[in-house]
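See below for the structure under consideration.
The values are calculated or read from the model by the stated rules, or taken from the named source; none is laboratory data. Since the model is a prediction, treat every value here as computed from it, not as a measurement. Counting neighbours? That spans all protein chains shown, and the Cβs are built from the backbone with ideal geometry, glycine included. Quick note on the areas: whole protein, heavy atoms, side chains included, nothing else; ligands and nucleic acids left out. Shrake-Rupley method; radii C 1.70, N 1.55, O 1.52, S 1.80 Å.
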Amino acid sequence: QKEVEQNSGPLSVPEGAIASLNCTYSDRGSQSFFWYRQYSGKSPELIMFIYSNGDKEDGRFTAQLNKASQYVSLLIRDSQPSDSATYLCAVYSGAGSYQLTFGKGTKLSVIP
Amino acid sequence: ETGVTQTPRHLVMGMTNKKSLKCEQHLGHNAMYWYKQSAKKPLELMFVYSLEERVENNSVPSRFSPECPNSSHLFLHLHTLQPEDSALYLCASSQEGSSGGVGETQYFGPGTRLLVL
């Protein structure tokens with residue numbers, strides 16, 4: 001069974017600090033990796049995707065992927081109170097599979 | 001309308017009622033999904049439709065019945081639900097066969113918050 005693990009948190013960081021969110025996955029053949037942000041009572045919103053080993057940066061967000069370690073992370077620089085949300089890691093196994101496997105999410109609180 | 005829309009946004013129903021949830025995507029995608037999100041649990045995939053055909057049914061009870069009349073619309077028909085079915089029901093869409101190794105980028109609608117009494 002494919003699993004995606006995340007620390008449920010809450011993770012508290014002061015405003016302006018770097019928030020680091022981590023995710024591990026069990027299916028070694030996984031191809032694409034996604035980070036979604038979900039505010040309380042709202043639907044998940046895609047932040048970033050990554051499919052190659054290394055780092056991918058988009059504004060204040062950096063996704064990091066290490067397929068050998070089956071590990072993907074999301075760094076948020078200069079954290080803002082508006083970043084306070086639950087961050088969902090999702091993994092796509094590849095062609096022929098329609099399923100994104102989601103982790104339970106990590107709740108992030110950015111303290112002003 | 002843009003993106004993925006869902007109606008109603010909130011629904012309260014008794015265990016003997018019949019209701020339907022509606023999803024519409026305006027992204028030109030060819031795959032649509034129903035998910036269930038309960039407190040403290042990961043998103044649970046319920047059904048997947050690709051090119052209007054159901055391609056996945058993740059052991060969902062028969063009291064949930066999906067319908068996909070065309071690639072833009074998806075319904076979830078509900079009948080004789082149980083209180084434990086109370087949850088946020090999310091619709092998503094994606095474009096099958098996306099290039100660039102980013103297959104299955106799914107975009108979510110706002111969800112329907114369902115309460116079964």
For this session: Would you kindly derive the ³J(HN,Hα) couplings of the stretch B:51-58 from the backbone phi angles with the Karplus curve 6.51 cos²θ - 1.76 cosθ + 1.60 (θ = phi - 60°), listing them in order in whole Hz, with x for Gly and Pro?
Result: 6, 6, 10, 6, 10, 8, 9, 7
Problem set entry | Heavy-atom accessible area, 1.4 Å probe, ligands and nucleic acids excluded: residues of the stretch A:47-68 down by at least 20 Å² from chain alone | A:PHE49, A:TYR51
Problem set entry | Label-point gap, in nm, between A:GLU5 and B:GLU67 - each point 7 angstrom along Cα→Cβ | 4.4 nm
Problem set entry | Amide H within-cut-off set for B:GLU56, under 5 Å, with H built and near neighbours excluded | B:VAL48
For this session: For A:LYS104, enumerate residues with amide H under 5 Å from its amide H, sequence gap 5+ or separate chain, H modeled in the peptide plane.
Result: A:GLN6
Seminar exercise, completed: Contour minus Cα-Cα span, B:LEU51 to B:VAL12, at 0.36 nm per residue, comes to 10.9 nm
Seminar exercise, completed: Along the stretch A:18-27, Karplus-curve 3J(HN,Hα) (6.51, -1.76, 1.60; θ = phi - 60°) to the nearest Hz, with x for Gly and Pro, reads 9, 9, 10, 10, 10, 8, 10, 9, 9, 8
For this session: Using the structure shown, select from A:LYS104/B:LYS19; B:LYS18/B:LYS41; A:LYS42/B:LYS40 the pairs with a Cα to Cα distance greater than 24 angstrom.
Result: A:LYS104/B:LYS19; B:LYS18/B:LYS41
Seminar exercise, completed: Cysteines of chain B without any disulfide-compatible partner (other Cys Cβ under 4.7 Å) are B:CYS68
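Local charge sum around B:SER86 (other residues, Cβ-Cβ under 12 Å, Lys/Arg +1, Asp/Glu -1)? Don't jump to the answer; show the numbers that get you there.
On the way: positive: B:LYS36, B:ARG113; negative: B:GLU84, B:ASP85.
Around B:SER86, the charge tally is 0.
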For this session: Just name one of B:HIS79, B:LEU90, B:ALA31: the one whose Cα is farthest towards the positive end of the charge dipole of chain B (beta-carbon charges, Lys/Arg +1, Asp/Glu -1).
Result: B:HIS79
Exercise. With the radius of gyration and the Kirkwood radius both derived from the Cα set of the stretch A:1-94, what is their ratio Rg to Rh?
Worked result: 0.95
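Within chain B, what's the longest stretch lacking trypsin sites (Lys or Arg not before Pro) that sit in DSSP loops with no more than 14 other Cβ atoms inside 10 Å?
Numbers: sites that count: B:ARG9, B:LYS40, B:ARG63.
Result for the longest clean stretch: B:64-117.
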Exercise. Chains B and A: how much accessible area gets covered up at their contact, both sides added, probe 1.4 Å, in Å² to the nearest hundred?
Worked result: 1800 Å²
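Work out how much length A:LYS67 to A:LYS42 would gain on full extension: take 0.36 nm times their residue separation and subtract the Cα-Cα distance, in nm to one decimal.
Details: separation 25, 0.36 × 25 = 9.00 nm, distance 3.06 nm.
Taking A:LYS67 through A:LYS42 to full extension adds about 5.9 nm, to one decimal.
Accessible area of the stretch B:18-117 with a 1.4 Å probe: how many percent of it is carbon plus sulfur? Walk me through the numbers before you get to the answer.
Details: 2100 of 4280 Å².
Reported share for carbon and sulfur atoms: 49 percent.
Extension gain B:LEU117-B:HIS77, at 0.36 nm per residue separation less the Cα-Cα distance, in nm? Please list the in-between numbers first.
On the way: separation 40, 0.36 × 40 = 14.40 nm, distance 1.71 nm.
Between B:LEU117 and B:HIS77, full extension yields an extra 12.7 nm.
Ignoring ligands, DNA and RNA, what accessible area per residue does the stretch A:58-112 give at 1.4 Å, in Å²?
Details: 2080 Å² over 55 residues.
Counting only protein heavy atoms, the per-residue value for the stretch A:58-112 is 38 Å².
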Exercise. List the aspartates and glutamates whose alpha-carbon lies under 20 Å from that of A:LYS67, not counting same-chain residues fewer than 8 positions away?
Worked result: A:GLU3, A:GLU5, A:ASP27, A:ASP55, A:GLU57, B:GLU104
Seminar exercise, completed: Applying the gyration tensor rule to the Cα atoms of chain B (axes a ≥ b ≥ c; rounded if a/c under 1.5, else prolate if a/b exceeds b/c, else oblate), the class is prolate
